[in-house]
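Below is one structure, written out as structure tokens; the observations come after it.
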Amino acid sequence: MARIDLANLAHSYSTRPRGDTDYALKTIDLTFKAGGAYALLGPSGCGKTTLLNLMSGLLTPTQGSILFDGVDVTERTSEQRNIAQVFQFPVVYDTMTVYDNLAFPLRNRGVSGEALDSRVRQIADMLGLTASLNQPARRLTADAKQKISLGRGLVRPSVSAMLFDEPLTVIDPQLKWQLRSQLKQLHRQVATTMIYVTHDQTEALTFADTVIVMFDGRIVQIGTPEELFERPNHTFVGYFIGSPGMNVLPAAVEGATAVVAGHSIPLDRQYEKSSAKTEIGIRPEFVHLAENGQGLPVRIKRIDDVGRYKLARVTLGTLPLNVMVGEDARLSGDTGSVQFDRSRLHVYRDGELVDGRA
Amino acid sequence: MTLELRNVTKRVESETHVAGVSLTLKRGALNVLLGPTLSGKTTLLRLMAGLDVPTEGQILVDGRDVTGTPVRKRSVAMVYQQFINYPNMTVYENIASPLRVARVPAAELDRRVRESAALMRLDHFLDRKPLELSGGQQQRTALARAVVKRADLLLLDEPLANLDYKLREELREELPKLFAEIGAITVYATAEPSDALLLGGNTATLSKGQITQFGPTIEVYRRPSDRETAEVFSDPPMNFMAVRIAGGKAHLPGGAVLPARGPLAGLVDGDLTLGFRANHLYLRQPGTDAIPVTAKVAIVEITGSESYVHTIFEGMRWVALAHGIHELSPGAPVELHLDPHRMFVFGRDGRLMAAPNFAAAA
């Protein structure tokens, strides 16, 4: 396993990039600690796969350098970097048995005999593939094939890092649960640096200790899943993390008061007056729907029963607002009141979180 | 209009893809086909479309047998997982293409293209080429092209599967409204239980080529008619345990006893299976009738606001979904609370015997 440093790194697919917009990945500096579990999370086109391909050596950066344990590997190939990769679609040799598939990366590096056999069996055991070791890979289901891809990455004990590019896309929801928790267990056992690219917040948040949220070629926030949920430092993160995302409402904020759709809302902290675009953010989890008259008046447009909870779609003035309600809640009527959990309310200026004064 | 499948079976060589499916769908309603990969969703859609002919059984439209009628003689539009657009045509021409084939007069064509585009919120992109659009807009273009035909039957095969999570969330919210405006018989195939719940309408659960249940989506979720349906319609997977009913109480493996309350009241002595969802396996006592058991932590997944605690109890793997952050070490003991009021009861044949009583949505 290796510590990976990205220094002044940027990439453009254009041969002669002119402005910022020509860069799929804008200049970043970032460190991945040895043995950490990371996720790169963002929508299509945010630069996450570009970043992954730069680290693996599939792409050479337009600018900057990549260091593995302090050694500059920018010009080295994937093989020289000793990186293992798992892609969206399983990469297995259909005609080989599961055993031979797992043994392949070791045989390629001259490992044989007892060392090879015991390692292959150990990995097969970790992944629950022992029973199918002698079967040809072509007969296996998509999730079993993806386990083999995983196993082929894990089998080399000396890899500097494992990179995952949307590895669960082709897996059924039920099996995703299994593979995801297995991957997390594997990370604990092998302690390799793992970097997982996905647009799916559940996969990113549950797998990684540190999540790197990307948007438009930039890193917008780096944090633990809890930090991203509790204190999104940009309205984009608030929207992107959480399902549904944070409610973001235009507001006028001065002192310890926000005015939203003509209603005054008290705040926990003091804020300067500003001419910047100002919004308040509150997650649907922290808005409470109450009886008429016990908060801000809203119109209830629709209630979606999604099983585990209900989602009330309401409007405050003309502003749409999502409110999460318990599965047992009985709701009636087309008007109600909402209360905001004040400690969970954030103020944003030009999209960026601002810290008020106590 | 109605579409009726009467005892439809499809075999390819020796493999049965769909087995004895009977189903009646009515105009205006959104129907979800929910099932894992290879459960028969795509086969069923192709049979409904007339792209394939059933090995046995009949397909009727408004009572008229159309079993052998090919797709081009039926009023069908289809949208696939991999959105298909003509890359060198504008969005306008993409949407117009089925009408050009049908030689629809120019004025009517223009009106209908603009109408469908507006419905799919594409009005501002009509002059663009598909590749200049986001994935969501490209899929909406494919949807608009399907809608513009005004077919009686609109079939969608995992139309959101290739889209980013957030786009999916937005389209899932918009689509039911759009489908209601179109007024066709809409059939939407997906492997994701959350798709079905957010889309609403009716859901048919599919398992191994058979429909296990068909009804209003939330009712199928709240009262799955058998264990198979409950498994298909649960994400995270439903937790199960085998119990023995004796003296009216449920005896668990390991010796714990659940009182005969809620769905467990009045059960006859014998062996049964209890099922309960992850959010109903508690880390804190939820009510006075709940009982504690001690399980072992396998792994904890934290989403930022909630924790999925994977546990092992008497050899059974259970997932608990708890509010807040719970950092528990693998291998550590954890106290779990089982609430009889939240239990599904399945008989030895897998049929549902009793279900929790939930408040209905307003």
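The values are calculated or read from the model by the stated rules, or taken from the named source; none is laboratory data. These numbers were taken from a predicted model, which means no experiment stands behind them. Ideal geometry is used to build each Cβ from the backbone, glycine not excepted, and the neighbour counts take in all protein chains shown.
Some notes on this structure:
- Number of the condition not met by A:Val197 [criteria: (1) within 14 Å of chain B (Cβ to nearest Cβ); (2) in contact with a strand residue (DSSP E or B) (Cβ under 9 Å, 6 or more places away or on another chain); (3) part of a helix (DSSP H, G or I)]: (3)
- Qualifying residue in the stretch A:12-20 (condition: modelled with pLDDT of 90 or more, in the same structural domain as A:Ile66 (by TED's automatic domain parsing) and in a strand (DSSP E or B)): yes
- Enumeration of residues in the stretch B:252-276 that are part of a loop (DSSP other than H, G, I, E, B), more than 16 Å from B:Gly350 (Cα to Cα) and of a type outside the set (D, E, K, R): B:Leu252, B:Pro253, B:Gly254, B:Gly255, B:Ala256, B:Pro259, B:Ala260, B:Ala265, B:Gly266
- Test: residue in the stretch A:206-222 that is touching a Cys at 6+ places or on another chain (Cβ under 9 Å) and part of a loop (DSSP other than H, G, I, E, B): yes
- Within the stretch B:175-200, residues that are in contact (Cβ under 8 Å) with a residue 40 or more places away in the chain and closer than 14 Å to B:Leu155 by Cα have Cβ atoms under 6 Å from residues that are β-branched (Val, Ile, Thr) and in a strand (DSSP E or B) in these pairs: B:Phe179/B:Thr186; B:Tyr188/B:Val32, counting only partners at least 6 apart in sequence or on another chain.
- Looking only at residues in the stretch A:165-191 that are over 17 Å from the mean Cα position of the chain (by Cα), in a helix (DSSP H, G or I) and not polar (S, T, N, Q), the one that is farthest from the other protein chains (Cβ to nearest Cβ) is A:Val190.
- A:Glu227 fulfils the conditions (1) within 13 Å of chain B (Cβ to nearest Cβ); (2) in contact with a helix residue (DSSP H, G or I) (Cβ under 8 Å, 6 or more places away or on another chain) except for a single criterion, (2).
- Any hit, the stretch B:334-342, residues being surrounded by fewer than 14 Cβ atoms within 10 Å (Cβ to Cβ) and either at pLDDT 95 or above or within 14 Å of chain A (Cβ to nearest Cβ) (or both): yes
- Members of the stretch A:133-143 that are over 24 Å from the mean Cα position of the chain (by Cα) and assigned to a helix (DSSP H, G or I): A:Ala137, A:Arg138, A:Arg139
- Residues that are touching a strand residue (DSSP E or B) at 6+ places or on another chain (Cβ under 6 Å), in a strand (DSSP E or B) and either without any contact (Cβ under 8 Å) to a residue 60 or more places away in the chain or of a type in the set (Gly, Ala, Ser) (or both) occur at least once in the stretch A:268-284.
- Single residue of A:Arg156, A:Arg188 found to be basic (Lys, Arg), free of Cβ contacts under 8 Å to residues at least 12 places away in the same chain and within 21 Å of A:Ala34 (Cα to Cα): A:Arg188
- Total residues in the stretch B:230-251, condition outside any strand (DSSP E or B), within 14 Å of B:Val345 (Cβ to Cβ) and within 14 Å of another protein chain (Cβ to nearest Cβ): 2
- Meets criteria (in contact with a Phe, Trp or Tyr (Cβ under 9 Å, 6 or more places away or on another chain) and buried (at least 16 other Cβ atoms within 10 Å of the Cβ)) for B:Pro253: no
- Of B:His323, B:His310, all but one fail to be buried (at least 21 other Cβ atoms within 10 Å of the Cβ) and facing chain A (nearest Cβ under 10 Å); the exception is B:His310.
- One residue stands out in the stretch A:326-345 among those that are in contact with an Asp or Glu (Cβ under 9 Å, 6 or more places away or on another chain) and not in a loop (DSSP other than H, G, I, E, B): the one that is surrounded by the most Cβ atoms within 10 Å (Cβ to Cβ), namely A:Gly336.
- Residue ID - nearest to the other protein chains (Cβ to nearest Cβ), chosen from residues in the stretch A:211-224 that are among the β-branched types (Val, Ile, Thr) and over 20 Å from B:Glu301 (Cβ atoms): A:Val220
- Restricting the stretch B:117-139 to residues that are within 26 Å of the chain's Cα centre (by Cα) and more than 14 Å from chain A (Cβ to nearest Cβ) leaves a set whose member that is surrounded by the most Cβ atoms within 10 Å (Cβ to Cβ) is B:Met120.
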